[in-house]
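These notes concern the structure reproduced below.
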Amino acid sequence: MRTQVAIIGGGPSGLLLSQLLHRKGIDSVVLERKTRGYVLSRIRAGILETGLVALMREAGVADRLDREGFVHDGTHIAFDGEMFGLSFTEHTGTPVVVYGQTELTRDLYDAREAAGGRIVFNVEDVVINDTDGDAPFVTYNVAGKSERLDCDYVAGCDGFHGVSRQTIPLDIRKEYEKVYPFGWLGVLSETPPVNDELIYSNSRRGFALCSMRNANLSRYYIQCSLSDHVEDWTDQAFWDELRRRLPADVADALVTGPSIEKSIAPLRSFVTEPMQWGRLFLCGDAAHIVPPTGAKGLNTAASDVHYLYHGLVDFYRDGDRTGLDGYSQKALARIWQAERFSWSMTNLLHRFPDQSTFDVKMQAADLAFLRDSPSAQRLLAQNYVGLPY
Ligand code: RFL
Ligand code: PHB
C-alpha cells in the first residue's frame with residue numbers, strides 16, 4: 001500500500017490531521033492499534049480552546065460541536081470554603097467550549113468514514129522505517145498478515161505509550177519529566193452538573209473538580225493517592241469525599257447518582273525534544289503530557305496538528321519545506337507554555353504529601369491574590385483559553 005502521509009494512531013490527533021489533509025487533497029492512511037469502539041470508550045478531555053474549535057470547522061466536522069457544545073465564559077475557583085468567579089471573556093474576549101473528546105473523536109471517525117478515508121484497526125507490531133532517508137515505510141501486522149505502507153512522511157500520533165517517539169534514536173531524543181505524587185479519580189454520572197461553570201477546588205482534603213459534558217451528564221474528579229484502586233472507591237464514598245472538598249452551598253446542591261464510568265489517571269508532565277526526526281513528526285500525547293489541571297492535553301495536540309498540517313500543505317502545494325523544517329521548534333515553543341501553565345495550576349490547586357504549613361500558606365496567598373487581582377485573573381484567563389497558534 002502507498003500513501004502520502006502515514007498516520008500512526010487513530011485518536012483525536014491522528015484523525016484530525018487525516019481529515020484536514022483530506023480536505024486539501026492530501027492522502028493519508030491511519031493505523032490504529034485498537035478498535036473504534038475502544039477508542040470511543042475512553043473518557044478524557046472536556047474543554048476545547050477556540051483554536052481547536054476553529055480547526056474542527058476547517059476540517060468540516062464542527063456541525064454538531066457548534067450545535068451541542070456549551071460555550072463557557074469563565075470558571076469558578078474555590079478555596080477555604082469560599083468561591084469566586086473568573087471571567088475568560090471579560091479578560092480576553094474569548095470563551096472555551098465544553099464538548100467531550102469522545103464526541104469530537106466520534107465526529108472525526110464519522111467524517112473519515114463518510115469520505116472513504118483509509119483507517120486500519122487492530123494493527124500490531126507497527127515499525128517505522130527509514131524516516132531519516134527519502135523513502136520511509138511502515139510495517140505492521142493485521143489479522144495475522146504482515147503489511148507494508150510506503151509514504152512520503154510519517155505522523156506519530158500514537159499517544160504516550162506508542163512506538164513513534166521510541167523510533168527517534170536515544171542520542172538525539174531528550175526527555176523531560178515530572179511525576180506528581182497523586183492521581184485523579186474521575187466519575188461520569190447522568191446527573192445535572194452542580195454549577196453552570198466548572199469549579200476547581202483547593203480544599204484541606206485535596207483537589208476536586210466539578211465539570212460536565214451536557215445538561216444531564218456530569219464529570220467530577222477528586223485528587224487521590226497513587227496507591228488507590230478504582231474498585232476500592234464505591235460511588236457513595238466518592239460522592240461523600242467530593243462533598244467534603246466543596247464549599248457547603250455547592251455540596252448541598254450536588255445531585256448524585258450511579259457512576260457510568262470511574263477511572264484513576266496518574267498526573268505527569270512530560271516533553272520529548274525534538275518533535276521531528278527526518279520525515280517523522282510527533283503530534284499530541286506521543287510527544288508531551290500535561291497534568292489535566294489546565295485542560296491542555298487535547299488542546300496542545302490540536303496546535304501540533306495545526307503546525308504539521310500547514311507544513312504539509314505548504315510542501316505539497318508549493319514545494320515549500322519551511323513549515324516542515326521548523327515544525328519541532330514552533331510546536332515546542334507553545335508546548336512549553338502549556339506545560340508551564342498546567343504545572344502552575346497543579347501546584348496552586350493540589351495538596352502535596354510533603355507540603356509544609358508554610359507551603360500551604362503560600363498557596364492560600366496565591367489564591368487570595370488571584371481572587372483580588374484583575375491582572376492575575378487576566379494571566380490565568382489568557383492561558384486557559386489558549387495562547388495563539
Ligand atoms: P491518544 O488519545 O492517546 O490517541 C493515541 C492513539 O494511538 C493508538 N496507538 C497506536 N496505534 C497504532 N500503533 C501503536 N503502536 C499505537 N500505540 C497507541 C491508541 O490506541 C490511541 O487510539 O493521543 P492524542 O490523539 O495525541 O490525543 C491526546 C488526548 O487524548 C489527551 O491529550 C487528552 O485526553 C488529555 N486530557 C485533556 N485534554 C484537554 O485538552 N482538556 C481536558 O479537559 C483534558 N482532560 C485529559 C483530561 C486526559 C485525561 N486522562 C485520562 C489521561 C482528563 C483526563 C482524565
Ligand atoms: C473534564 O471535563 O474532563 C475536564 C475539565 C477540565 C479539566 C480537566 C478535565 O481541567
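The values are calculated or read from the model by the stated rules, or taken from the named source; none is laboratory data. It should be emphasised that the depicted structure is a prediction, and the values quoted were computed from it without experimental measurement. Here Cβ is always computed from backbone atoms with ideal geometry, including for glycine, and neighbour counts include all displayed protein chains. Just so you know, the surface numbers come from the protein's heavy atoms only, side chains and all, with ligands and any DNA or RNA stripped out. Shrake-Rupley method; radii C 1.70, N 1.55, O 1.52, S 1.80 Å.
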Notebook entry, point to check: Pairs Lys34/Lys174; Lys296/Lys330; Lys34/Lys145: which exceed 20 Å Cα-Cα?
Noted result: Lys34/Lys174
Check: Sorted by accessible area (1.4 Å probe), largest first, how do Glu190, Glu49, Glu273 line up?
Finding: Glu190, Glu273, Glu49
Next item on the list: Within the set of other residues whose C-beta is less than 11 Å from the C-beta of His22, count the net charge using Lys and Arg as +1 and Asp and Glu as -1.
Entry: +3
Notebook entry, point to check: Could you give the accessible area per residue of segment 183-287, probe 1.4 Å, as a whole number in Å²?
Noted result: 38
Note to self: So for each of 5-15, 163-173 I average, over its residues, the number of other beta carbons within 10 Å; can you give me the resulting order with the highest mean first?
What the structure shows: 5-15, 163-173
Note to self: What is the distance in Å between the Cα centroid of segment 57-107 and that of segment 1-48?
What the structure shows: 23
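Quick one: pull the percent of accessible area on segment 50-101 belonging to carbon and sulfur, 1.4 Å probe, ligands and nucleic acids left out.
44
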Next item on the list: For the chain, return all DSSP H helices satisfying: extent of Cα atoms along own axis at least 20 Å; mean Kyte-Doolittle hydropathy at least 1.6.
Entry: none
Next item on the list: Net charge near His72: determine it from the other residues with C-beta under 12 Å of the C-beta of His72, scoring Lys and Arg +1 and Asp and Glu -1.
Entry: -4
Check: Label Asn141 and Ile172 with points 7 Å out from Cα along Cα→Cβ: what is the distance between them in nm?
Finding: 2.7
Notebook entry, point to check: Which value, in debye to the nearest 20, describes the size of the charge dipole of segment 118-186 about its Cα centre when Lys and Arg Cβ atoms bear +1, Asp and Glu Cβ atoms bear -1, and nothing else is charged?
Noted result: 300
Checklist line | Euclidean distance of C-alpha centroids, segment 308-324 and segment 344-382, integer Å | finding: 42
Notebook entry, point to check: Of all the accessible heavy-atom surface of segment 230-308, with the other protein chains kept in place and a 1.4 Å probe, what percent is carbon and sulfur?
Noted result: 53
